[in-house]
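Colleague: Here it is, the structure in full.
The values are calculated or read from the model by the stated rules, or taken from the named source; none is laboratory data. What you see is a predicted model; the values in this text were computed from it and never measured. FYI the Cβ positions are ideal-geometry reconstructions off the backbone, even for glycines, and counts take in every protein chain you see. Just the protein is used for accessible areas: all its heavy atoms, side chains included, with ligands, DNA and RNA removed. Shrake-Rupley method; radii C 1.70, N 1.55, O 1.52, S 1.80 Å.
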Amino acid sequence: MKARNDSAAPAVRLAQYTRPTWRVAHVELDFSLGIDETEVIARLDLSRDGDPGAPLELDGEDLELLEVLIDGDPVAPTRYTAGERGLVMHEVPDQFVLTTRVRIKPSTNTALEGLYLSGSREAGFLLTQCEAQGFRHITYFPDRPDVLARYTVTLRADARRFPILLAGGNPDGSGELADGRHWARFVDPHPKPSYLFALVAGHLERISHDYVTANGRAVELHIWAEADVIDRCHYAMDALVRSMRWDEKAYGRNYDLDVFHVVATHDFNMGAMENKGLNIFNAKYLLADPDSSTDDEYLHVEAVVAHEYFHNWSGNRVTCRDWFQLSLKEGLTVYREQSFSADMNSAALKRIEDVALLRRAQFPEDAGPLSHPVRPAEYREINNFYTATVYEKGSELVRMIAGSLGRTGFRRGMDAYFERHDGEAATIEDFLAALGDANGVDLTPYLAWYAQAGTPRLRGRGSFDPGQRRYTLHLSQETPPTPGHGAKQALPIPVKLALFASDGRMLPLRMQGESRQAAADERVIVLSHAERDFVFEDIGEDVVPSLLRGFSAPVMLEYDYAPTELALLLRYDVDGFNRWEAGQQLAALAFDACLSGEDAHGAADAWTASIASIFADPSMDDALLAELLTPPGEIELADRQPRHDPAAVHAARQQLLSRLAMRVGAGTLAARYATLFARASADLDAAAQARRRLQRRVLDLLAAMEPARAATLAARQYETAPGMTDRLAALATLARTDEAAAASRLAHYRARYDDNPLALDKWFMLQASLPGDGALARIQRLEADPAFNLKNPNRVQSLMGAFARTNPTGFHRADGAAYGWFADRLLQIDALNPQVSARLGTAFNGWARLVEPQRELARAAVNRMQAHEGLSRDLADILDRVVGG
Ligand code: TRP
Ligand code: ZN
């Protein structure tokens, strides 16, 4: 059982960091594995590091302690205390070998932290998840990332029930034991923190690949999965090989063991885990085949495989001193992963998607009560800080720094960082110092970005002086207050920009005081203070500024563009990201017009006319066109309003879509759809993916105007779809346009994929996202489906998570019924798996901005959960912060 809410457990503070008192040079682990009971013997080579006389304190939770020995001699139980949180021993030598023997219970571990069972008792397998603090559920140990030890791990188990035995490190022997048991040993030569320990045992199949690193090491790559899905691992293997080559080229980083294992499980709390030499993946991010995966899922598999592999250097070889530094590994690794994906696919599209994700997930987080800095100053439960802020905003900070150093400067800095801190546990200061020192620059001003929560507002105002032939750009910044942090300081904000003349030309940029030599038409200016004027010379006409190109800083830009100015950028900007961005801004203005019912500036007209003309342009790229046809989502649009009224936002956005559809014309849409449909294929190349993306958007637009016509096309598309992307898109459109026609296809899909959990997750998710007051009743029917299971995180996310996160009108229905139902389920889940309940609990982050009566009803639901006895610390922490408790 997971330790229950312990209100006495004090917050952990960054400022109170102290070095570990005990070092562990080497640890030998010996597992006797069983599903109901596993015994773990740990031999720790301990030595005191300062503080003579301090007791030995080891973390340990839910362990049944069987034996303690010092240097091989049994220790009487009177000499130690084994409590709820660990083991304390007084009067111990400065250097000794501590041996403990404990018993743990994998089959009752529903929290999926520590050693647990994936799948059924009969056929499932055992595995571990130790980040952040799961190792203490396996054995007594200083379970903190700045204690690095070398691991020798021996696994013993019944050979029939557990034919495959894996742990991180190089294989170091295996053999038979008496009674049908066998053993295998693994030695990891690289010192690592306990959160990177992993083992896997059970029936698994594998695919393998021989890889030779750039520096000449032969490595066996193995991907392991249960027999029924092993054929769906080939794409992940390709992605792994691409990732390894890329890290060699882009960062000069080679893999450093003789084997690399990757394992897929259907029971996992997060996406995947970078355990040294033994990455473990949520099957959702490893398996891919055209019949059951969408194009987006292929991209996710490629990105997550790369992410976990890249951790081998950014996270494992150089790890974090403490959990406050989490973004040191996560922000940096997301940045590396995004750069990789941009190189493998379309860079402009990738940037659009990454920024859209930041706005959908991180901006709302940063605007609500759960707001926290990329490097938080304190936490009650570290598992609640694996957030969009630490990951996605953290990546944006690395991107800004990389941009300021330039390509070769950043590489030089990263080489210095890896070299300086290899085998160490580092801090964000260390990172900035290494990058700065290697380039002779001071990066400490960027520390403020790590320390300060909230999304900065960047305000711009331009003025043209025809007499002086001068354009002055006035920039100012302000970060709104966030919980517990009122006054904000100015941050260095790099603004990449260009100036457009009315004919669409970019003008040469010569700033005041600069010589007349060939001026570039794009440059980066940095706003380091609260406000400043930037003066551009030789400007002969008024201009339209293209600001924050490529999204050069994670801020909200407030610039009072006229619709015609945005239309100009939408037409002429050559920065793919900013072109899309101009369309988004214009769509947002058009949305405002739909919401208020008055369009004084003609924004709706400007947006629909611009998009319609781009639609007619035959040279337009399919994928970018699909993005341009998509206005911001309901969550982003709601963020523009002072009060969140989900039903009004939904209605206004629908109106916006139908106005666009009318402008383009039903005939034009249907004709385009027919052309795209005729080219249907299951191919995975970029052109085929772009085709599917556009086809989906075109059909959705048609549905906004002529639902019956769209339903007919969707039904046909469902029947004939060559792969999952087209099949699922058809089902989603059908479910929104013709309920009766959808019902039979949904039933068909349900039966077809009865034995495919990942495909079934999409079936739950699709229905959980259908808008309107009927959503709750639908969800309640779905949770009665025999395939629904509160213990499986993916299934819970696909129903509860999708409902709360992607279905604003359904979740926020005005009578509060959905909140009540959701709170009941959350409490049930919390008793099983606190990490999952806490994550779902963040759905209430935006409650204070809701209109009434939703606002009060949401708060009441949170309060009711808070009053529940035995709440986990994870969920209690989220709920308390959400309502400011
Ligand atoms: N470090 C993992 C990553 O690659 C995140 C992770 C996986 C995790 N499993 C976890 C974090 C369990 C907390 C708890 O991003
Ligand atoms: Zn990570």
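Colleague: Apply the a/c threshold of 1.5 to the C-alpha gyration tensor of segment 371-506 and tell me whether it is rounded, prolate or oblate. Before the final figure, lay out each step's value.
Modeller: Numbers: a/c = 2.67, a/b = 1.46, b/c = 1.83.
Oblate.
Colleague: Any idea what angle helix 686-705 forms with the longest principal axis of the chain, computed on alpha-carbon atoms, 0 to 90 degrees, nearest 10?
Modeller: On a 0 to 90 degree scale, this one is about 60.
Colleague: I want the local charge near residue 552. Using Cβ-Cβ distances under 9 Å, sum +1 for each Lys or Arg and -1 for each Asp or Glu among the other residues. Could the numbers behind the result be given before it?
Modeller: Details: positive: 399, 496, 549; negative: none.
Within the 9 Å Cβ shell, the charges total +3.
Colleague: For segment 660-738 and segment 770-839, what is the centre-to-centre distance using only Cα atoms, to the nearest Å?
Modeller: Going from one Cα centre to the other spans 29 Å.
Colleague: So what are the chain's ellipsoid semi-axes, whole angstrom, largest first, if each one is the square root of 5 times an eigenvalue of the alpha-carbon gyration tensor? Please list the in-between numbers first.
Modeller: On the way: eigenvalues 428, 221, 143 Å².
So the equivalent ellipsoid measures 46, 33, 27 Å along its semi-axes.
Colleague: When only DSSP loop residues count, what chymotrypsin sites (Phe, Trp or Tyr not before Pro) in segment 402-506 have their Cβ near at most 10 other Cβ atoms within 10 Å?
Modeller: On the way: sites: 410, 417, 418, 431, 446, 449, 450, 464, 471, 500; in loops: none.
Taking segment 402-506 and a limit of 10 other Cβ atoms within 10 Å, no loop chymotrypsin sites (Phe, Trp or Tyr not before Pro) are found.
Colleague: Something else about it: Per the helix-only calculation at 222 nm, which mean residue ellipticity applies to the chain, given -39500 (n - 2.57) for every DSSP H run of n ≥ 4 and division by its residues, nearest 500 deg cm²/dmol? Let's see the in-between values first.
Modeller: Details: 28 runs with 346 residues, N = 885.
Theoretical 222 nm ellipticity from helices: -12000 deg cm²/dmol.
Colleague: Something else now. Below 8 Å between Cα atoms, with a sequence gap of 6+, how large is the relative contact order for segment 603-697 in percent?
Modeller: Details: 53 pairs, mean separation 38.4, N = 95.
Across segment 603-697, relative contact order equals 40 percent.
Colleague: From the residues 591, 275, 100, which one has its Cα farthest along the dipole of the chain in the positive direction, the dipole being from +1 and -1 charges on Cβ of Lys/Arg and Asp/Glu about the Cα centre?
Modeller: 591
Colleague: Next question, about the same structure. For segment 356-439, what is the accessible area per residue in Å² when the probe is 1.4 Å?
Modeller: About 33 Å² of surface per residue is accessible.
Colleague: Let me know the number of lysine pairs in the chain closer than 17 Å at the Cα, not counting same-chain pairs under 8 apart.
Modeller: Within the chain, the lysine pair count is 10.
Colleague: Give the relative contact order (percent, whole number) for the chain; include only Cα pairs under 8 Å separated by 6+ residues. Before the final figure, lay out the partial values.
Modeller: Values: 1739 pairs, mean separation 76.4, N = 885.
It rounds to 9 percent for the chain.
Colleague: What is the Cα radius of gyration of segment 552-594 over 2.2 N^0.38 Å, N being its residue count? Walk me through the numbers on the way to the answer.
Modeller: Details: Rg = 10.4 Å, N = 43, 2.2 N^0.38 = 9.2 Å.
Dividing the Cα Rg of segment 552-594 by 2.2 N^0.38 Å gives 1.13.
Colleague: Here is a follow-up. If the only charges are +1 at each Lys and Arg Cβ and -1 at each Asp and Glu Cβ, what is the size of the charge dipole of segment 260-385 around the Cα centre, to the nearest 20 debye? If you can, show how the numbers build up before the last one.
Modeller: Details: 12 positive and 19 negative charges, 114 e Å.
Around 540 debye, computed over segment 260-385.
Colleague: Let me ask something else about it. Can you put 209, 601 in order of accessible area, largest first, using a 1.4 Å probe?
Modeller: Largest to smallest exposure gives the sequence 601, 209.
Colleague: Any chance you could look up the accessible area of residue 821 with a 1.4 Å probe, heavy atoms only, rounded to 10 Å²?
Modeller: 20
Colleague: Moving to a separate point now. Could you tell me which residue out of 12, 230, 421 lies farthest along the dipole of the chain toward its positive end? Charges go on the beta carbon: Lys and Arg +1, Asp and Glu -1, centred on the Cα centre.
Modeller: 230
Colleague: Around residue 192, with a cut-off of 12 angstrom between Cβ atoms, what is the net charge of the other residues, counting Lys and Arg +1 and Asp and Glu -1?
Modeller: Values: positive: 150, 276, 317; negative: 131, 146, 188, 256, 274, 424.
My count for the surroundings of residue 192 gives -3.
Colleague: Using a 1.4 angstrom probe on the protein heavy atoms only, could you order 510, 380, 549 from most to least accessible area?
Modeller: Numbers: 510 30, 380 65, 549 10 Å².
In descending accessible area the options line up as 380, 510, 549.
Colleague: For the chain, find the longest principal axis of its Cα atoms and tell me its angle to the long axis of helix 347-357, 0 to 90°, nearest 10.
Modeller: The two axes meet at around 80 degrees.
Colleague: Give, rounded to the nearest 20 debye, the magnitude of the charge dipole that the chain has about its Cα centre when Lys and Arg contribute +1 at Cβ and Asp and Glu contribute -1 at Cβ. Don't skip to the answer; put the middle values down first.
Modeller: Working: 96 positive and 123 negative charges, 268 e Å.
Here the chain has a charge dipole of around 1280 debye.
Colleague: Starting from a Cα-only point model with no solvent, please compute log10 I(q)/I(0) by Debye for segment 271-362 at q = 0.11, 0.12, 0.15 1/Å.
Modeller: -0.34, -0.40, -0.63
Colleague: Which order do 284, 488 take by accessible area at a 1.4 Å probe, largest first?
Modeller: 284, 488
Colleague: Specify the angular offset, from 0 to 90 degrees and rounded to the nearest 10, of the alpha carbon long axis of helix 295-310 from the longest principal axis of the alpha carbons in the chain.
Modeller: The helix 295-310 is inclined about 50 degrees to the chain.
Colleague: Can you report the principal axis dimensions of segment 316-431 using only the alpha carbons, biggest first, rounded to whole angstrom?
Modeller: 39, 35, 22
Colleague: Sticking with this one: Where nothing but the Cβ of Lys and Arg (+1) and of Asp and Glu (-1) is charged, how large is the charge dipole of segment 458-594 around its Cα centre, in debye to the nearest 20? Each step should come with its number before you reach the end.
Modeller: Numbers: 14 positive and 19 negative charges, 63 e Å.
Approximately 300 debye in magnitude.
Colleague: While we're here: Which one of 725, 377, 129 has its Cα pushed farthest toward the positive end of the charge dipole of the chain, where Lys and Arg give +1 and Asp and Glu give -1 at the Cβ?
Modeller: Positive-end residue among those listed: 725.
Colleague: Hey, what did segment 63-106 get for relative contact order, percent, Cα under 8 Å, at least 6 apart?
Modeller: Values: 53 pairs, mean separation 24.7, N = 44.
That works out to 56 percent.
Colleague: Please work out whether segment 161-237 counts as rounded, prolate or oblate from its C-alpha gyration tensor, where a ≥ b ≥ c are the square roots of the eigenvalues and a/c under 1.5 means rounded, while otherwise a/b larger than b/c means prolate and anything else oblate? Could you put the intermediate results ahead of the total?
Modeller: Working: a/c = 1.76, a/b = 1.12, b/c = 1.58.
It comes out oblate by the Cα gyration axes.
Colleague: So, taking all protein chains as they sit and a 1.4 Å probe, how much accessible area belongs to residue 238, in Å² rounded to tens?
Modeller: 80
Colleague: Here's another thing I want to ask about it. On the accessible surface of segment 204-297, probed at 1.4 Å, how many percent belong to carbon and sulfur atoms?
Modeller: 45
Colleague: Given segment 771-821 reduced to its alpha-carbon atoms as identical point scatterers, what log10 I(q)/I(0) does the Debye formula return at q = 0.16 Å⁻¹?
Modeller: One equal scatterer on each Cα of segment 771-821 leads to -0.42.
Colleague: Any idea of residue 298's accessible area? Nearest 10 Å², probe 1.4 Å.
Modeller: 10
Colleague: Then there's this: Let me know the shape class of segment 790-885, please: from the alpha-carbon gyration tensor, a ≥ b ≥ c as square roots of the eigenvalues, rounded when a/c is under 1.5, otherwise prolate if a/b is greater than b/c, or oblate. It would help to have the intermediate numbers written out before the result.
Modeller: Numbers: a/c = 1.84, a/b = 1.20, b/c = 1.53.
In terms of gyration-tensor shape, oblate.
Colleague: A further question follows. Which whole-number value in Å³ per residue fits the convex hull of the alpha carbons of segment 449-576? Intermediate values should be presented prior to the final figure.
Modeller: Working: hull volume 15.0 nm³, N = 128.
Residue-normalised Cα hull volume stands at 117 Å³.
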